[in-house]
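Have a look at the structure below before the remarks.
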Ligand SMILES: Cc1cc2nc3c(=O)[nH]c(=O)nc-3n(C[C@H](O)[C@H](O)[C@H](O)COP(=O)(O)OP(=O)(O)OC[C@H]3O[C@@H](n4cnc5c(N)ncnc54)[C@H](O)[C@@H]3O)c2cc1C
């Protein structure tokens with residue numbers, strides 16, 4: 001009797017097929033990891049131009065910390081006005097990118113509606129594994145080495161990209177869909193889903209079971225984007 005859509009960056013596409021509009025875009029972040037380092041910093045740090053965290057294997061996971069690439073895709077135009085206030089506030093850390101990633105063509109060619117008999121976009125592309133920005137990787141790595149010269153002896157052994165799913169106000173949607181009783185959404189974690197996942201899962205469960213919600217769910221309602 002209840003369905004929860006918790007599809008991460010895929011939630012907008014999935015809900016669109018059910019006639020539910022979720023404003024959600026993707027932002028590319030780039031990360032690297034190093035070989036093991038002796039006597040490096042023990043704490044997780046987010047500072048000028050880099051963020052880092054020591055790994056169990058003795059190396060470090062390092063990111064630029066501030067550079068976020070926003071590929072221009074058809075949804076950017078569809079949702080532009082909703083995201084404009086956040087963009088104006090955060091433009092220094094957002095890099096708009098029109099060409100080079102192939103994402104415009106990819107998303108423009110994607111079906112937005114399908115029947116149960118058709119192959120869905122999720123079967124065509126099962127994982128999002130975007131190429132990292134080499135510029136962001138280089139900047140983050142250099143900034144980390146400047147701050148901690150002990151890192152200079154290490155090698156970069158891997159780098160990868162990840163898509164962060166964002167809502168216009170960077171607040172998740174944990175909500176029933178008003179027009180479709182029984183349909184719930186738990187998504188749009190806007191780069192904070194690891195940190196707030198346990199409580200977000202609890203609130204999602206409370207909404208589904210009808211228990212007293214662990215926190216006031218009002219701020220997380222889907223309808224905030226469409227009704228005042
Ligand atoms: C580079 C990077 C760094 C980050 N750093 C942090 C951090 O420091 N702290 C923090 O708190 N968060 C961080 N995040 C964010 C965090 O990873 C996300 O907020 C979190 O993973 C989102 O969880 P989710 O369950 O909503 O979505 P996901 O983890 O994406 O899970 C969605 C799942 O739904 C599945 N799915 C999609 N469509 C379908 C379908 N049609 N049928 C069946 N299954 C489907 C997908 O395969 C996927 O497994 C970071 C993210 C990135 C990319």
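List the strands (runs of 3 or more DSSP E) inside region 132-228, counting only whole elements, that have at least 3 residues being surrounded by fewer than 19 Cβ atoms within 10 Å (Cβ to Cβ) and at negative phi.
Strands (runs of 3 or more DSSP E) meeting the threshold: 156-166.
Residue check, residue 37 against (1) under 27 Å from residue 97 (Cβ atoms); (2) in contact with a helix residue (DSSP H, G or I) (Cβ under 9 Å, 6 or more places away or on another chain), all met but one. Which one?
The number of the failed condition is (1).
Hey, can you tell me all the residues within region 37-70 that are away from the ligand (no atom under 14 Å from the Cβ) and at positive phi?
39, 49, 58
Anything in region 113-124 that is part of a loop (DSSP other than H, G, I, E, B) and surrounded by 12 or more Cβ atoms within 10 Å (Cβ to Cβ)? List them, or say none.
114, 120
Check every one of the strands (runs of 3 or more DSSP E) wholly within region 1-109 and list those with 3 or more residues that are touching a residue at least 24 places away in the same chain (Cβ under 8 Å) and surrounded by fewer than 19 Cβ atoms within 10 Å (Cβ to Cβ).
Per the criteria, 94-97.
FYI, it's all coordinate maths here, none of it is from the lab. Since the model is a prediction, treat every value here as computed from it, not as a measurement. Note that we place each Cβ from the backbone using ideal geometry, even for glycine, and neighbour counts take in every protein chain shown.
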